[in-house]
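The values are calculated or read from the model by the stated rules, or taken from the named source; none is laboratory data. What you are looking at is a predicted structure, and each value in this text was computed from that prediction instead of being measured. Quick reminder, even Gly has a Cβ in these numbers, built from the backbone with ideal geometry, and neighbours come from all protein chains shown. All accessible areas refer to the heavy atoms of the entire protein, side chains included, with ligands and DNA or RNA removed. Shrake-Rupley method; radii C 1.70, N 1.55, O 1.52, S 1.80 Å.
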Amino acid sequence: MNTPYPAAFSERRQAVEWLASQSNDPRRVRREWAQDRPALVRAAGPRFDTIRLPAAIIHRTAGTTDRDKIEATLAERGITTAVIIDRPRRNHYILVLPGTHKMWNLHGIECLPPTSRIALPAPHRAEPPGTFWLLTPPGDATALCDHRDVLRLIKGGQTGE
């Protein structure tokens, strides 16, 4: 099973600072996380954009709801970091490069615009309850998912592959 919270202090600090900087008020984000609450941040830019993907598509692609098998299915498709689970809303949020929302045009799957907000869990939140990281949170843009890998995942989940 994945252990999202980076082990080294410098990696943890980098993830906290980088993710918090998605907000206009990074101190507020860090305060929310210190209280073990998710922080509302804009879903698009400046650090990342967010694709909202119904959990049913991932479960269909993986053929299961088992976490280890879902992680393996994502890895097979090149997605190894930057995935959040929001169980109450039955969605997965996949963080991709900023600007993706401007060119995303897949009907029925939304790359959220800058006017939307997501509940961003603290980098150490790797388990329920609430919103948590399925895969390691990114510490910089090089750890974001490639939207083309997300498209392959979606197409597999829509066709049952």
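Answer with yes or no whether residue 90 is surrounded by fewer than 18 Cβ atoms within 10 Å (Cβ to Cβ), basic (Lys, Arg), modelled with pLDDT under 95 and under 14 Å from the mean Cα position of the chain (by Cα).
Yes: the conditions hold for residue 90.
Of all residues in segment 44-63 being within 17 Å of residue 85 (Cβ to Cβ) and in contact with a His (Cβ under 9 Å, 6 or more places away or on another chain), which is most open to solvent (accessible area, probe 1.4 Å)?
If we take residues in segment 44-63 being within 17 Å of residue 85 (Cβ to Cβ) and in contact with a His (Cβ under 9 Å, 6 or more places away or on another chain), then 52 is most open to solvent (accessible area, probe 1.4 Å).
What tally of residues in segment 95-112 results from selecting those that are in contact with an Asp or Glu (Cβ under 9 Å, 6 or more places away or on another chain) and not charged (D, E, K, R)?
Within segment 95-112, residues that are in contact with an Asp or Glu (Cβ under 9 Å, 6 or more places away or on another chain) and not charged (D, E, K, R) number 10.
Among 13, 30, which is the only one that is closer than 23 Å to residue 127 by Cβ and surrounded by 15 or more Cβ atoms within 10 Å (Cβ to Cβ)?
30
This table checks each residue for (1) out of contact with any Ser or Thr (no Cβ under 7 Å at 6 or more places or on another chain); (2) over 16 Å from residue 39 (Cα atoms); (3) basic (Lys, Arg).
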position: 71; (1), (2), (3): yes, yes, no
position: 107; (1), (2), (3): yes, yes, no
position: 111; (1), (2), (3): no, yes, no
position: 115; (1), (2), (3): yes, no, no
position: 119; (1), (2), (3): no, no, no
position: 130; (1), (2), (3): yes, no, no
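All but one of (1) open to solvent by 80 Å² or more (accessible area, probe 1.4 Å); (2) without any contact (Cβ under 8 Å) to a residue 24 or more places away in the chain; (3) within 24 Å of residue 42 (Cβ to Cβ) hold for residue 76; which doesn't?
(3)
Take the residues of segment 100-154 that are among the acidic types (Asp, Glu) and in a loop (DSSP other than H, G, I, E, B): which is farthest from residue 73 (Cα to Cα)?
140
Only one of (1) of a type outside the set (Val, Ile, Thr); (2) in contact with an Asp or Glu (Cβ under 7 Å, 6 or more places away or on another chain); (3) surrounded by fewer than 14 Cβ atoms within 10 Å (Cβ to Cβ) is not met by residue 66, so which one is it?
(2)
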